[in-house]
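The values are calculated or read from the model by the stated rules, or taken from the named source; none is laboratory data. Everything numeric in this text was worked out from a predicted model, so none of it was measured. Here the Cβ positions follow ideal geometry from the backbone for every residue, glycine too, while neighbour counts run over all protein chains shown. Calculation scope for accessible area: heavy atoms of the full protein, side chains included, ligands and nucleic acids excluded. Shrake-Rupley method; radii C 1.70, N 1.55, O 1.52, S 1.80 Å.
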Amino acid sequence: MVKDALEALKLPPLLKFKNGKTVKDIAGFERRRAELKDILQREVYGYLPKAPEHLTVETKEEESESFLAGFGIYRSLVFHCEIDGEDATFPVTQIMPKKEGKIPVFVCINFGTDIVHKYLPLEEIIHRGYGLFVIKYQDVAKDSADFRFGMAKYLCKSRRALSAPGKIAMWAWAAMRVMDYLPRFENVDLDHVAVIGHSRLGKTALFTGAMDERFRYVISNDSGCSGAALSRGKEGETIENICDRFPYWFCPRYKHYIGKEHEMPFDQHFLLSLIAPRHLMVGSAENDLWADPRNEFLCTAAANEAYALYGMHGLVHHDAFPSPDTELAEGDCLYHYRRGGHYLSRLDWNAYMDFIDKKREKE
Ligand code: GTR
């Protein structure tokens, strides 16, 4: 079923170089990786702004006595990025469990303006032994067409260029700055760093992990259109819908593909394949038809071609769209499909942590 469904969509080939030659091995895919990154930046998200000249991090506040009944440490950090000689800043919240040994962490790009947030079951995450670096996305750049405020004014001087970075690229850029800083913590397990986001921030997490190989786990929760879902044959939200409401998430060129999905020289499996050979986790919800769970599943399966080159399985599935409340967790990738609607719930967090636990145990 999966093979036929993918064939019917006539996706642009993942494993063909621009010059028409076939990608045959790992070295070939590493060269293809550069082409894939380039096409997605040029056509969809815009080119990632360069890293800052210097990064320093200031601790504004720390609570290590009684936070989470004494089981956690809270720090409010300010990231100072020197960009063209100017000091551009954004805040990050760090929460760590108090425990010995190396700690796996999530870089979570989140909606909330406060650490107590519906999408962040904090105590559960801390008690399972995971640390968190939370970026509140609008502290980096406003979720609007305005590019004058926050980091946006440093990261994009003009929106006239067709491949100028959109807001997703800017939020992703901030997550990469957190990654830059992680090696300074002795107790962070740098081999087990995940980037996670929900919905528009799931798209952001995917772009982050696709562009930055330092993230071992890349988690897209209900990211849908222009995230984990294939655009060809998509139900629910289309490129037209998304560019109508949120053109500024993308580079200006993306809107040229409205109604022309079948002509696009790429599709979202290019994005997901860039996660190989690391671990991709895609979460969908049964009632989230706007995101299109089926196309999210198919897209995850389509990335298997890249995993195969590394001698890996990618997503192990049963050649059928799974029924709700199913985990496809046997392979290198996870497809997590639960009942209910569009939400980043504790059920989702627990599925992702179970998967990471399993991978860490094997090492
Ligand atoms: C919707 C948008 C989706 C999704 C969602 C969200 O309105 O159309 O692509 O990103 O917002 O981020 O909550």
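Give the residues of the stretch 189-206 that are within 13 Å of the ligand (Cβ to nearest atom) and either closer than 12 Å to residue 176 by Cβ or in a strand (DSSP E or B) (or both), sorted by residue number. Spell out the reasoning first.
Looking only at the stretch 189-206, we keep the residues that are within 13 Å of the ligand (Cβ to nearest atom), and these are 197-206.
197, 198, 204, 205, listed by residue number.
For the stretch 11-52, which residues satisfy the criterion of being open to solvent by 20 Å² or more (accessible area, probe 1.4 Å), more than 25 Å from residue 93 (Cβ to Cβ) and touching a strand residue (DSSP E or B) at 6+ places or on another chain (Cβ under 9 Å)?
Result: 13, 15, 16, 22, 50.
Only one of 69, 164, 51 is over 22 Å from residue 195 (Cα atoms), modelled with pLDDT of 95 or more and assigned to a loop (DSSP other than H, G, I, E, B). Can you tell me which? I'd like the intermediate steps shown before the answer.
Values: 69 fails: assigned to a loop (DSSP other than H, G, I, E, B); 51 fails: over 22 Å from residue 195 (Cα atoms).
The unique qualifying residue is 164.
What's the number of the condition residue 87 fails, among (1) of a type outside the set (Ser, Thr, Tyr); (2) on the phi > 0 side of the Ramachandran plot; (3) not in a loop (DSSP other than H, G, I, E, B)?
Result: residue 87 passes all but (2).
Pairs, please: C-beta under 8 Å, at least 6 apart or cross-chain, first residue under 8 Å from residue 36 (Cα atoms) and in the stretch 261-275, second of a type outside the set (A, V, I, L, M) and open to solvent by 30 Å² or more (accessible area, probe 1.4 Å)?
If the second residue must be of a type outside the set (A, V, I, L, M) and open to solvent by 30 Å² or more (accessible area, probe 1.4 Å), the pairs left are 274/37.
Among the helices (runs of 4 or more DSSP H) confined wholly to the stretch 263-363, which include 2 or more residues that are surrounded by fewer than 20 Cβ atoms within 10 Å (Cβ to Cβ) and not small (Gly, Ala, Ser)?
Fully inside the stretch 263-363 and qualifying: 346-362.
Just the residues that are in a helix (DSSP H, G or I) and charged (D, E, K, R), please, taken from the stretch 14-48. Don't jump to the end; show me each part of the working.
Just the residues of the stretch 14-48 that are in a helix (DSSP H, G or I), to begin with: 26-45.
Listed by number, the residues that qualify are 30, 31, 32, 33, 35, 37, 38, 42, 43.
Which one of these does residue 230 not meet: (1) among the hydrophobic types (A, V, I, L, M, F, W, C); (2) more than 12 Å from the ligand (Cβ to nearest atom); (3) within 29 Å of residue 133 (Cα to Cα); (4) open to solvent by less than 10 Å² (accessible area, probe 1.4 Å)?
The one condition residue 230 does not meet is (3).
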